[in-house]
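**Student:** Have a look at this one before I ask anything.
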Protein chains: 4
Amino acid sequence: MAKVVDESKLLRIKEASIELVVQKGYGGASISAIAHQAGVAVGYLYRFYDSKYALVSDLLDDKIKNIAGQLEAMMPKCSTILQLITLLVNYFFELALHQPHHMRFIYTLINDYRFSISIDQHQRIHSLCRQLLHIGKETREIAPTYTEEEIYLMTVIYPVQFINVRFKALFCTQVLSETDKERVVSLCMGALKGASL
Amino acid sequence: MAKVVDESKLLRIKEASIELVVQKGYGGASISAIAHQAGVAVGYLYRFYDSKYALVSDLLDDKIKNIAGQLEAMMPKCSTILQLITLLVNYFFELALHQPHHMRFIYTLINDYRFSISIDQHQRIHSLCRQLLHIGKETREIAPTYTEEEIYLMTVIYPVQFINVRFKALFCTQVLSETDKERVVSLCMGALKGASL
Amino acid sequence: MAKVVDESKLLRIKEASIELVVQKGYGGASISAIAHQAGVAVGYLYRFYDSKYALVSDLLDDKIKNIAGQLEAMMPKCSTILQLITLLVNYFFELALHQPHHMRFIYTLINDYRFSISIDQHQRIHSLCRQLLHIGKETREIAPTYTEEEIYLMTVIYPVQFINVRFKALFCTQVLSETDKERVVSLCMGALKGASL
Amino acid sequence: MAKVVDESKLLRIKEASIELVVQKGYGGASISAIAHQAGVAVGYLYRFYDSKYALVSDLLDDKIKNIAGQLEAMMPKCSTILQLITLLVNYFFELALHQPHHMRFIYTLINDYRFSISIDQHQRIHSLCRQLLHIGKETREIAPTYTEEEIYLMTVIYPVQFINVRFKALFCTQVLSETDKERVVSLCMGALKGASL
DNA sequence: TATGAATGAGACTTCATTCAT
DNA sequence: CATGAATGAAGTCTCATTCAT
């Protein structure tokens with residue numbers, strides 16, 4: 001019973017943290033603002049996390065875990081890179097649609113020097129990229145010169161950057177559409193296939 | 001009679017700022033640390049910049065100006081996207097080689113919610129992307145479905161992200177090589193050409 | 001469960017602020033000195049006031065409110081200016097006797113360009129002066145040429161200045177006495193009655 | 001020749017100081033702003049004054065000297081308090097009209113704990129008040145109970161406060177007129193004559 | 001268990017003063 | 001003489017963290 005209450009409070013803390021980090025940046029999201037928005041006491045927060053850094057770090061790790069988990073779950077269902085990328089891009093677009101804060105959260109922190117992907121998650125992603133590369137080279141969807149780096153950049157970084165360039169409305173103020181999704185998939189596929197110079 | 005502003009001091013302030021922002025992030029790079037590293041008094045910084053934000057903002061703007069300037073200078077010399085992307089990627093690699101801090105600086109701040117590209121620079125970049133798109137569609141190097149967004153993402157964001165994934169040694173600990181450069185160009189070209197789904 | 005704001009601390013902050021502003025002036029009374037003297041942490045002050053200015057401003061407003069409140073309370077009890085001025089001068093002398101710092105505080109800030117009486121308090125005082133003027137002209141205690149300005153200057157400014165000239169011991173080092181009080185009342189009455197030139 | 005240049009520069013420094021202290025207060029009037037407005041270098045200022053405090057202190061002393069000088073010059077020409085007060089109030093009104101900054105300057109600093117009238121000037125003023133008191137008691141224009149304190153408060157402080165209440169437009173937005181001057185003189189005379197309680 | 005009052009280190013910024021030119 | 005670049009102490013304010021209740 002008490003557990004249920006706790007879980008809901010923890011969830012509110014997580015949501016409030018993500019929202020405020022997105023709105024005000026890591027430095028601007030104060031613990032007291034987070035606690036206030038979550039409807040808990042400041043001290044309560046420290047029952048779960050040792051520090052503000054640990055809190056945000058943990059949330060980022062969660063998000064990365066989800067992405068890796070998605071890829072891992074998709075892997076056995078797909079036999080081509082196209083299928084996999086389609087599913088993954090779909091996942092990112094769904095995230096952007098239903099939890100835009102979470103998408104911005106990833107985008108905000110993924111390049112921040114202070115936060116880095118944990119070794120565990122990094123290894124999972126590394127392994128996934130290796131598998132993708134292996135499949136892609138078999139199916140000739142990925143040019144032989146490319147490595148895990150390109151897989152990572154095109155399947156994770158590119159969709160995230162695309163979505164956030166759109167969020168920022170740098171070039172286009174339209175909301176994300178099915179066509180955009182297709183364009184992202186198409187560009188990824190073209191990219192990995194390589195150019196016939 | 002009147003003393004002249006010591007240009008070398010200003011330069012040292014700029015270098016120290018870039019270095020520390022890269023190492024510790026915007027929030028972590030304190031004015032006193034910057035002044036100390038630059039070998040000037042804290043107050044001296046404020047002769048040139050109204051605030052810490054203005055200082056970092058101005059430095060970022062400089063970097064963006066350089067990139068836009070490079071592209072603008074290259075444009076008249078090239079008739080194909082391949083040539084242009086080759087030159088641009090070359091520019092980014094040179095920057096990464098000779099001024100790695102500056103490259104990391106761009107990477108660190110380009111996605112930071114607190115800093116945004118000034119309207120002037122944004123318009124320049126927008127216009128450049130439009131021209132690139134126009135040329136590319138003429139030469140059939142760019143798929144007809146793509147827009148300025150994709151140009152920007154693949155010619156600016158992708159090279160920057162590639163270099164920084166390498167800096168972080170996420171997948172590969174080798175230093176940037178000529179081969180890497182070719183791989184970046186090749187991937188860009190393939191990406192913009194589009195996939196024949 | 002929830003801790004209660006320690007009223008005594010707030011009181012100490014107020015007292016320390018008044019004392020230090022009096023001793024060192026607004027600029028000279030640093031927040032850290034005030035906090036130290038009040039025996040609280042620097043940051044604690046900011047739980048109650050947004051800024052140093054807001055703190056001092058609020059204290060001044062309080063004092064002005066008290067004076068206006070005194071006058072308002074006295075008004076219905078008196079039918080002559082003499083009675084009113086006697087009570088008011090008495091109030092100022094009591095303040096000077098029991099809370100000399102507070103009296104000096106008013107004196108220090110009342111002419112400071114940075115601080116001004118709030119509109120609310122100004123209107124109260126204006127209205128009070130108008131009433132006094134009305135009564136005084138009925139009872140012929142105030143010369144017909146005088147206006148609210150003279151009322152204000154003689155009933156508020158003069159007693160405050162008298163007390164503070166004494167505090168400064170410019171001409172006399174005696175402590176304030178009953179005779180002084182009578183002299184102030186007498187001078188005010190004479191002043192407002194006007195001279196038969 | 002060189003002396004002339006210096007004198008004009010010094011004058012400009014003095015004027016700029018008074019103007020800026022009036023506009024921004026002592027703390028807000030920075031040395032560099034004063035130097036800029038005076039059209040001299042910051043360092044030049046320190047040839048004449050040891051510190052910012054010494055500068056402002058000296059200017060205040062000048063103003064007080066002028067007032068004392070005026071009174072001293074008037075004294076032999078007058079045989080009644082009325083004549084003296086008329087001349088003195090006239091002097092204050094002329095100052096307010098032609099050099100309002102200077103009048104505000106006196107007003108701003110006269111109550112400031114940091115600045116006090118120098119012993120020399122204080123003694124001059126004390127002596128003048130004594131003489132005035134003596135004359136007034138002879139001519140029966142000043143009530144026998146009053147002392148130098150009342151003389152000082154009514155002949156110096158009151159006119160200054162009157163003018164500044166008007167400057168602040170607390171009760172009246174009219175500019176100072178001949179009638180106002182008469183009212184001030186009349187009130188002073190009435191005040192010093194005392195009330196027949 | 002849960003609270004939030006209280007802390008204080010440390011951030012940014014200002015500006016009186018100095019001194020090499 | 002005159003300048004103004006350079007200094008750095010000191011000020012205000014913030015906020016992650018603690019701990020008595």
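**Student:** Using the alpha-carbon centroid of each, what span in Å lies between the range C:102-164 and the range A:134-184?
**Tutor:** Value for the Cα centre distance between the two parts: 75 Å.
**Student:** Inside 10 Å of the C-beta atoms of D:177-187, what's the mean count of C-beta atoms belonging to other chains?
**Tutor:** Shielding by partners across D:177-187 averages 3.
**Student:** Residue by residue through D:40-48, how many Cβ atoms from other chains fall within 10 Å of the Cβ on average?
**Tutor:** Mean shielding by partner chains, rounded to a whole number: 0.
**Student:** OK, next. List the lysines whose Cα sits under 27 Å from the Cα of residue B:181, skipping any in the same chain fewer than 8 residues away.
**Tutor:** Within the straight-line limit of under 27 Å, residue B:181 reaches these lysines: A:137, A:193, B:63, B:65, B:77, B:137, B:168, B:193.
**Student:** Restricting to Cα pairs below 8 Å that are 6+ residues apart, what does the relative contact order work out to for chain C? Please round to a whole percent.
**Tutor:** This gives 21 percent for chain C.
**Student:** Show me, for the range D:129-143, the HN-Hα J-couplings you get by feeding each phi into the Karplus relation (A = 6.51, B = -1.76, C = 1.60, θ = phi - 60°), rounded to Hz, glycine and proline as x.
**Tutor:** 5, 4, 4, 4, 4, 4, 4, x, 6, 5, 7, 6, 7, 10, 4
**Student:** Could you give the dipole magnitude of the range D:1-48 about its Cα centre, charging the beta-carbon of Lys and Arg +1 and that of Asp and Glu -1, in debye to the nearest 20? Provide the component values of the computation, followed by the final result.
**Tutor:** Values: 6 positive and 4 negative charges, 16 e Å.
Using Cβ point charges on Lys, Arg, Asp and Glu, the range D:1-48 gives about 80 debye.
**Student:** Partner chain Cβ atoms within 10 Å, averaged over the residues of D:105-118 - can you pull that number for me?
**Tutor:** Values: counts 0, 0, 2, 3, 1, 1, 11, 5, 11, 4, 1, 2, 2, 0.
Averaged over the peptide's residues, the number is 3.
**Student:** What's the total accessible area buried between chains C and D, using a 1.4 Å probe, rounded to the nearest 100 Å²?
**Tutor:** 3900 Å²
**Student:** What number, in percent, do you get for the relative contact order of the range A:2-58 if the mean sequence gap of Cα pairs under 8 Å and at least 6 apart is divided by its residue count? Please report the intermediate quantities before stating the final value.
**Tutor:** On the way: 35 pairs, mean separation 18.2, N = 57.
So the answer I get is 32 percent.
**Student:** Also, I was wondering about something else. Using a Gaussian network model of chain D whose springs link C-alpha atoms within less than 10 Å, name the residue from D:47, D:104, D:12 with the highest mean-square fluctuation.
**Tutor:** Checking each option, the largest mean-square fluctuation is seen for D:47.
**Student:** Relative to the longest principal axis of chain A, what angle (0 to 90°, nearest 10) does the C-alpha long axis of helix A:158-167 take?
**Tutor:** Here the helix axis deviates by roughly 60 degrees.
**Student:** Over the range C:91-147, with the other protein chains present, what is the accessible area per residue in square angstrom, probe 1.4 angstrom?
**Tutor:** 50 Å²
**Student:** Additional query: How much net charge surrounds residue C:78 when only other residues with a Cβ under 12 Å from its Cβ are counted (Lys, Arg +1; Asp, Glu -1)?
**Tutor:** Taking every Cβ under 12 Å from that of residue C:78, the sum is -1.
**Student:** What are the label-to-label distances in nm, one decimal and shortest first, from residue C:175 to the same spot in the other copies, with labels 7 Å along Cα to Cβ?
**Tutor:** Distances to the matching label points in the other copies: 5.0, 7.8, 8.4 nm.
**Student:** Also: With only Lys, Arg, Asp and Glu charged, each at its Cβ (+1 for the first two, -1 for the last two), find how big the charge dipole of chain A is about the Cα centre; round to the nearest 20 debye.
**Tutor:** Numbers: 21 positive and 20 negative charges, 50 e Å.
Charge dipole, chain A, about its Cα centre: 240 debye, nearest 20.
**Student:** Any idea what the dipole of the protein assembly as shown comes to, in debye rounded to 20, about its Cα centre with Lys/Arg Cβ at +1 and Asp/Glu Cβ at -1?
**Tutor:** For the protein assembly as shown, the charge dipole is close to 280 debye.
**Student:** Which is farthest toward the positive dipole end of chain A among A:30, A:153, A:95, measuring Cα position about the Cα centre, with Cβ charges +1 (Lys, Arg) and -1 (Asp, Glu)?
**Tutor:** Value computed over the given set: A:30.
**Student:** Using Cα pairs closer than 8 Å and at least 6 residues apart in sequence, work out the relative contact order for the range B:90-197, in percent.
**Tutor:** Averaging sequence separation for qualifying contacts and normalising by length gives 31 percent for the range B:90-197.
**Student:** In whole percent, how big is the carbon plus sulfur part of the accessible area of the protein assembly as shown, probe 1.4 Å, protein atoms only?
**Tutor:** Values: 19960 of 36570 Å².
So the carbon and sulfur contribution to the accessible surface is 55 percent.
**Student:** What are the nm distances, shortest first, from residue C:72 to its equivalents in the other copies, labels at 7 Å along Cα→Cβ?
**Tutor:** The answer, with the shortest distance listed first, is 5.0, 6.5, 7.0 nm.
**Student:** Sticking with this structure for a sec: Helix A:100-110 versus the longest principal axis of chain A: what angle, 0 to 90°, nearest 10, using Cα atoms?
**Tutor:** Around 80 degrees separate the two axes.
**Student:** If you don't mind, another one. Can you give the net charge of the other residues whose Cβ lies under 13 Å from the Cβ of residue A:156, counting K and R as +1 and D and E as -1?
**Tutor:** The answer is -1.
**Student:** What are the nm distances, shortest first, from residue B:137 to its equivalents in the other copies, labels at 7 Å along Cα→Cβ?
**Tutor:** Inter-copy label distances (nm, one decimal, shortest first): 3.8, 8.3, 10.3.
The values are calculated or read from the model by the stated rules, or taken from the named source; none is laboratory data. Being a predicted model, the structure only gives us computed values, none of them experimental. Methodologically, a virtual Cβ is constructed for each residue, glycine included, from the backbone with ideal geometry; neighbour enumeration extends over all protein chains shown. The protein model used for the area step is the full one, side chains on, heavy atoms only, and it has no ligands, DNA or RNA in it. Shrake-Rupley method; radii C 1.70, N 1.55, O 1.52, S 1.80 Å.
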